[in-house]
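Novice: Sharing a structure below in C-alpha cells format, with a few things to ask.
The values are calculated or read from the model by the stated rules, or taken from the named source; none is laboratory data. The structure presented is a predicted model; accordingly, all values stated were derived computationally and were not measured. Backbone-built Cβ (ideal geometry, glycine too); neighbour counts: all protein chains shown. These area figures cover heavy atoms from the full protein model, side chains too; ligands, DNA and RNA do not enter into them. Shrake-Rupley method; radii C 1.70, N 1.55, O 1.52, S 1.80 Å.
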Amino acid sequence: MPDIGRRVWVIPGGRIPFPAHGAEPEFTGFDQLCVLNATDETAEVRVDVYYEDAEPVGPYLIPVGARRIRHVRLNDLIDPEAIRLDRPYGCLMRSPVPVVVQFLRQDTRLPGALGLATTLAYPA
C-alpha cells in the first residue's frame, strides 16, 4: 500500500478560545491536532508556532506510533513554552514520514454554548 499523507502540514488560523465556561476538562476551550500515522515507522512530528507579533516558538515534539493516531490539545503543549491563549497563531508541522493532520476547535466562551469546528490541515 502506498504511503498515506504528507510530511508537511500547515494550520494558519489557530486561536485557543479563552475564557471557558463549564466543567473542566470536558468544557475547556481548546485547539487540537489529530494525527494519523499509517506507516510502519514512528512519526516524530515537529510543530513550530507562529504569532502575528512575536518570533516563532518551537519545535514542540509529538511522537505518533506506527499505524496509530494521536490527539493532542495544543493547550497542553508547554515545552519550549505554553501556547498563548486567545491569541492568533499558525503552526507548521513537519514529519519524517507521511501523516494526515486534522484540526479541531472547541469553543466554550459563551455560557451554556458549545461550538465545535473541524477541518483538514493544509498539506504542503
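Novice: Starting from residues that are farther than 15 Å from Pro96 by Cβ and open to solvent by 100 Å² or more (accessible area, probe 1.4 Å), keep the ones in region 1-25 and report whichever is modelled with the lowest pLDDT.
Specialist: Among those residues, the one meeting the criterion is Met1.
Novice: So which pairs qualify, if the first residue must be in region 64-87 and within 21 Å of Thr42 (Cβ to Cβ), the second must be of a type in the set (Lys, Arg) and crowded, with 16+ Cβ neighbours inside 10 Å, the Cβ gap must be under 7 Å, and the two must be at least 6 apart or on different chains?
Specialist: Listed pairs, sorted by first residue: Val64/Arg70.
Novice: I've got another one for you. Answer yes or no: is there a residue in region 33-52 that is touching a Cys at 6+ places or on another chain (Cβ under 8 Å) and open to solvent by 10 Å² or more (accessible area, probe 1.4 Å).
Specialist: Yes; the residues of region 33-52 include at least one that is touching a Cys at 6+ places or on another chain (Cβ under 8 Å) and open to solvent by 10 Å² or more (accessible area, probe 1.4 Å).
Novice: State the number of residues belonging to region 89-124 that are surrounded by 17 or more Cβ atoms within 10 Å (Cβ to Cβ), of a type in the set (Val, Ile, Thr), under 14 Å from the mean Cα position of the chain (by Cα) and at pLDDT below 80.
Specialist: Of the residues in region 89-124, 0 are surrounded by 17 or more Cβ atoms within 10 Å (Cβ to Cβ), of a type in the set (Val, Ile, Thr), under 14 Å from the mean Cα position of the chain (by Cα) and at pLDDT below 80.
Novice: Keeping to region 64-75, report how many residues are within 13 Å of the chain's Cα centre (by Cα) and exposed (fewer than 14 other Cβ atoms within 10 Å of the Cβ).
Specialist: 1
Novice: Is there a residue being under 21 Å from Ala124 (Cα atoms) and crowded, with 19+ Cβ neighbours inside 10 Å anywhere in region 76-88?
Specialist: no
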